[in-house]
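Worksheet: one structure, shown below.
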Amino acid sequence: MINNKNPLAVVILAAGKGTRMGSDLPKVLHEVGGIPMICQVVNTAKAIGADRIIPVLGYKYEMVQDILKDEHLEFVLQLQQLGTAHAVLQCKKLLSDFNGDVLILYGDAPLITKNTLQNLLNIHNKTGAPATILTTDLPDPFGYGRIIRNPDNSLNKIVEEKDATVKEQNQKEVNSGFYIFKAKELFELLPQVGNENAQNEYYLPDVLNMLINKKEKVAIDKVNNYIEIQGVNNTEQLNEVNEYYEKA
């Protein structure tokens with residue numbers, strides 16, 4: 001049995017259509033190991049002892065809700081996809097009185113393991129930081145936000161690919177997109193996130209940059225097996241993830 005130090009809410013971002021999948025099926029309902037990806041992620045959230053599990057749904061949300069109808073979940077809708085910060089902000093009302101930690105997972109990233117998430121939680125609890133980020137080194141980091149560290153190895157900032165300098169783009173360490181936040185700090189800062197960036201989106205990593213600007217600590221856990229953070233954006237990636245899942 002896993003004992004988390006604080007109450008744990010898991011928010012699963014799962015609103016996207018998945019245009020590049022070439023299918024009308026919501027992206028998170030494509031199968032890995034014969035099971036819809038979002039079901040894999042819900043099972044992992046349960047395995048780490050989540051007290052609350054909150055999928056953020058959008059495209060054809062009724063289909064996704066139907067697949068998950070036998071699970072004990074709380075659903076939130078993001079009908080306009082305006083970025084990851086905007087998606088998590090949709091949970092603010094639901095978690096307004098929640099005094100615990102919020103873990104961010106993805107309905108299209110089913111390979112993340114219970115052990116990796118438990119390690120992330122342990123570091124978060126041990127450091128007492130308001131936020132903890134999971135990073136990894138990628139052979140080809142194209143498309144990912146880069147991790148920029150200080151000389152003492154602490155987090156200096158996260159910079160998105162399209163906003164990064166050439167020097168920053170050469171960094172191999174990337175933001176996996178998996179985070180744990182203290183709920184209070186998260187929902188205080190989320191409404192302050194702007195969209196002044198190349199994509200005009202509200203980015204969740206901006207919350208971490210805000211914490212750093214406030215001289216708060218953001219803890220880092222680096223995972224060696226970068227396959228775990230792999231998201232599925234097209235059928236080629238779906239095939240790759242299925243192949244890896246079958247070998248694991």
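The values are calculated or read from the model by the stated rules, or taken from the named source; none is laboratory data. Just so we're clear, the structure is a prediction, and the values are computed from it rather than from any experiment. A quick note on method: Cβ atoms are made from the backbone with ideal geometry, for glycine too, and the neighbour counts reach across all protein chains shown.
Close contacts from segment 34-53, counting a first residue that is on the phi > 0 side of the Ramachandran plot and a second that is modelled with pLDDT under 95 and among the hydrophobic types (A, V, I, L, M, F, W, C), with Cβ to Cβ under 7 Å and a gap of 6+ residues or different chains, come to Gly49/Ile2.
Exactly one residue out of Leu120, Leu155, Leu105 is within 14 Å of Asn209 (Cβ to Cβ) and surrounded by 22 or more Cβ atoms within 10 Å (Cβ to Cβ): that is Leu155.
Residue-wise test of (1) acidic (Asp, Glu); (2) within 14 Å of Gly83 (Cβ to Cβ); (3) without any contact (Cβ under 8 Å) to a residue 12 or more places away in the chain; (4) in contact with a Leu (Cβ under 6 Å, 6 or more places away or on another chain).
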| residue | (1), (2), (3), (4) |
| --- | --- |
| Phe178 | no, no, no, yes |
| Lys184 | no, no, no, no |
| Leu189 | no, no, no, no |
| Val193 | no, yes, no, no |
| Glu196 | yes, yes, yes, no |
| Tyr202 | no, yes, no, yes |
| Leu208 | no, no, no, no |
| Leu211 | no, no, no, no |
| Val218 | no, no, no, yes |
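Residues in segment 190-229 that are among the small types (Gly, Ala, Ser), in contact with a helix residue (DSSP H, G or I) (Cβ under 7 Å, 6 or more places away or on another chain) and loosely packed, with under 14 Cβ neighbours inside 10 Å: Ala198 alone.
Would you check if Asn224 is within 23 Å of Arg20 (Cβ to Cβ) and in a loop (DSSP other than H, G, I, E, B)? Against the criterion (within 23 Å of Arg20 (Cβ to Cβ) and in a loop (DSSP other than H, G, I, E, B)), Asn224 does not qualify.
Applying the condition of being assigned to a strand (DSSP E or B) and touching a Pro at 6+ places or on another chain (Cβ under 7 Å) to segment 153-180 and asking which residue is nearest to Leu105 (Cα to Cα) yields Asn175. Note on segment 41-95: residues that are under 17 Å from Gly18 (Cβ atoms), among the aromatic types (Phe, Trp, Tyr) and touching a Phe, Trp or Tyr at 6+ places or on another chain (Cβ under 9 Å) amount to 1.
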